[in-house]
Structure formats: C-alpha cells, structure tokens
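Right, one structure below, let's go through it.
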Amino acid sequence: MTTSPARTAVVPVAEIFELRRSVLRPGLPAEAAVFAEDAAPGTFHIAAYDERGSVRACVSFFPEALPGEAGFFPEALPGEDGDAAYRFRGMASDPAVRGLGYGVAVLRAGLDQAAARGAGLVWCNGRTSARGFYEHQGFTVTGEEFVVESVGPHYLFTIKLPG
C-alpha cells in the first residue's frame, strides 16, 4: 500500500450511491444500485475520502443472519453460537485508486463499527475475483462457488470478530 485514505466515516447512503452505481452497476439504471437494506434498521454505510474530500471507496453493512443458519449450507458455520451477524455488500473502490488502501479502509472501518454494534460475525457474498483480497483481510471461504445472475461467480466469505 503506497498511500492511505484521508479518512473514513459512517455516512448517509446518498453520499456513496454514485460510486456504488458507477462501479458495481455501470450502464444500468440508478435503481439497479439501490439495495432493499439501504434504509433498514441497523444499516450503516462507510465512505473513504481522499485528501480533497472525494469519496474513493464505500461499503454498506446491515444485520443479517448467516445463510447457513437458515439451512443454506449443511456444514457447521461460525456464528452459530448466537453472536449477532452483519452482512456487507456494495463494496466499491474508484478504479483510479485501486490498490491504494481505500477498500481496506472502508472494510476495516465497517468491521469495527459492526463489532461496536455487537456483531460477532461478518459475512458477504464476494466476487470470486476478490478472493485473495478477502482472504488477506482474514476472511474464510465458506461453501462452494456460486453464480449471482447478471453479476458472476461468487463465494460466501466469513470473518469472526474478536470479542
């Protein structure tokens, strides 16, 4: 990492929406980047800013049980001991600053915020191409690869938070 974001903050979804849309849903109508969870109770959004105050990375976290706890995966999964679980999605970094620590910054800020809100486990459906990134941040692949229609191949990644 050669530089780091000037700061991260919990922000309203409107602050991160354009970056989320342009990176994750390019060429699609704006509604394609709206998540049902955006305004749900317990949801929070993290932005990372450069030195000029421009949003360079973002992510959204919300309380949601790990799918395996509802029978999605047959094997035992971390978090089944009753810890609160948070899911994140919509993680995006401006292509101009990829590899400079902005994605790590929003992820780490989000994990800290989730832990402060009582989470013992955090998970996501992450793109297969991001596997190395997530594993480097301490996440574990859970289950088999699957395909999200119109997005591509994914894994379920989990991380147990200290507590």
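The values are calculated or read from the model by the stated rules, or taken from the named source; none is laboratory data. In this text the structure is predicted, and so the values were computed from the model without any measurement. In this analysis, Cβ positions are derived from the backbone assuming ideal geometry, glycine residues included, and neighbour counts consider all displayed protein chains.
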Return the pairs, sorted by first residue and then second, in which the second residue is in a helix (DSSP H, G or I), the first residue lies in the stretch 9-31 and is closer than 19 Å to residue 105 by Cα, the beta carbons are less than 7 Å apart, and the residues are 6+ apart or on different chains. 10/113; 13/38; 17/33; 20/33; 24/33
Of everything in the stretch 120-155, what is within 15 Å of residue 89 (Cα to Cα), part of a strand (DSSP E or B) and among the charged types (D, E, K, R)? Give them in sequence order. 127
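To keep it simple, each residue is scored yes or no on (1) modelled with pLDDT of 95 or more; (2) small (Gly, Ala, Ser).
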residue	(1), (2)
74	no, no
80	no, no
84	no, yes
94	yes, no
101	no, yes
106	yes, no
111	yes, no
120	no, yes
Anything in the stretch 2-49 that is crowded, with 19+ Cβ neighbours inside 10 Å and closer than 15 Å to residue 103 by Cβ? List them, or say none. 5, 8, 16, 19, 20, 45, 46, 47, 48, 49
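Among the residues of the stretch 121-151, count how many are of a type outside the set (Val, Ile, Thr) and buried (at least 19 other Cβ atoms within 10 Å of the Cβ). Can you show your working first?
First, pick out the residues of the stretch 121-151 that are of a type outside the set (Val, Ile, Thr): 121, 123-127, 129-139, 143-146, 149-150.
This time we only want the ones that are buried (at least 19 other Cβ atoms within 10 Å of the Cβ), so: 121, 123-124, 126, 134, 139.
Result for the stretch 121-151: 6.
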